[in-house]
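The values are calculated or read from the model by the stated rules, or taken from the named source; none is laboratory data. Bear in mind that the values here come from a model prediction, so they are computed numbers and not experimental data. Neighbour counts are summed over all protein chains in view; Cβ atoms, including those assigned to glycine, are modelled from backbone coordinates with ideal geometry. Calculation scope for accessible area: heavy atoms of the full protein, side chains included, ligands and nucleic acids excluded. Shrake-Rupley method; radii C 1.70, N 1.55, O 1.52, S 1.80 Å.
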Amino acid sequence: MKELDGRGGPAKIANPAPMLERYELKYTIPAEQVEEIAAFAKTYCHADRFSASSPDGYYQVNSLYLDSPDFFFLRQRLNGSENRFNMRVRSYGLRPEPPYFLEVKQKSGDIVRKYRARMRETDLEHALDPAADPAGMVMDAREAGSAVLFRSLAHTYNAAPVAMTSYRRRALFSHCDEYARVTFDAGLKYMPQREYRPLDVSDLLVPSDTETLFDEGTSVILELKCYAKQVPLWMVDMIRRFQLRRRGFSKYSAALAQVFRRHAFDDSMMVSPFAEFKN
């Protein structure tokens, strides 16, 4: 099992088996194209249980992102590092309740590995305490290794919350492949966040600036996800039929770009990493 890269070399942290190892293909599309693409996908897919139970097919997804004091994770992203990762606490709904999900997403080339642990804990800072028993924190003992990985990386990089994102997701699962998933993410919002609080903060979230973040005329993030070993042929047909153009889109870096542009961090000496990476 490969180890996550650290500063200048491999981090001395043994990885658990990833929950998922997959391709993630991202596109930005106009809102009016969602129904047409979804109709095509429904030949091969069905709505996931959250979309199926929602009146309009969308549900709320919230991510509390962590980074080091010098924004090492963000810098790796902006620098286009081949082996990079980010850390987040995922929650769901307008008024999130446990379980919360500790997640580490590692990207090596085109392959994404996701490590996830469902937490019993409501006190997330306690979950990062080295003395806390990971087996007692997670809802499934098999996920304890992912909780340990998250905690180890948080301490290694002195990582702490920096921003929260929220968006509405419509998700489809393939019923003819071992694993294939189509998601539409709309209404991306963000806010700076320095606390471990994946709580109801909807009144504080600010809509993202679609004119600067998205391709012209688009406002929805389409993601095609599948196992790394093979992209389903129907996904290839979808890409060709709708003339989709793949592009990178990081909700975390998009949120931080807006945070640095519109908000002042507590540390007046903080310098935006974006100043170093001009497109």
Among the strands (runs of 3 or more DSSP E) contained in the range 8-111, which hold 2 or more residues that are among the acidic types (Asp, Glu)? 20-29
I need every pair where a residue in the range 101-125 that is under 18 Å from residue 64 (Cβ atoms) has its Cβ under 8 Å from the Cβ of a residue that is hydroxyl-bearing (Ser, Thr, Tyr) and open to solvent by 20 Å² or more (accessible area, probe 1.4 Å), sequence separation at least 6 or different chains. 123/196; 124/196; 125/196
Top-ranked residue in the range 224-249 [being within 25 Å of residue 66 (Cβ to Cβ) and crowded, with 17+ Cβ neighbours inside 10 Å; ranked as farthest from the chain's Cα centre (by Cα)]: 225
Can you tell me which residues in the range 188-200 are part of a loop (DSSP other than H, G, I, E, B) and open to solvent by less than 20 Å² (accessible area, probe 1.4 Å)? 193, 198
Would you call residue 128 touching a helix residue (DSSP H, G or I) at 6+ places or on another chain (Cβ under 7 Å) and open to solvent by less than 60 Å² (accessible area, probe 1.4 Å)? yes
When residues of the range 79-95 are limited to those that are crowded, with 20+ Cβ neighbours inside 10 Å and not charged (D, E, K, R), the one farthest from residue 165 (Cα to Cα): 85
Of these, 215, 203, 185, which one is under 30 Å from residue 55 (Cβ atoms), surrounded by 14 or more Cβ atoms within 10 Å (Cβ to Cβ), out of contact with any Leu (no Cβ under 7 Å at 6 or more places or on another chain) and modelled with pLDDT under 95? 215
Name the pairs: first residue in the range 139-151 and assigned to a helix (DSSP H, G or I), second residue among the hydroxyl-bearing types (Ser, Thr, Tyr), Cβ to Cβ under 7 Å, at least 6 apart or on different chains? 146/115; 149/115
All positions within the range 192-222 that are touching a residue at least 40 places away in the same chain (Cβ under 8 Å), of a type outside the set (D, E, K, R) and farther than 30 Å from residue 39 by Cα: 192, 193, 196, 198, 199, 202, 205, 206
Residues in the range 60-113 that are of a type in the set (Asp, Glu) and within 20 Å of residue 248 (Cβ to Cβ): how many? 4
Number of positions in the range 112-138 that are under 24 Å from residue 77 (Cβ atoms) and assigned to a strand (DSSP E or B): 6
Long-range neighbours under 6 Å by Cβ, at least six apart or interchain, first residue surrounded by 19 or more Cβ atoms within 10 Å (Cβ to Cβ) and at pLDDT below 95 within the range 162-175, second part of a strand (DSSP E or B) and of a type in the set (A, V, I, L, M, F, W, C): 164/64; 164/191
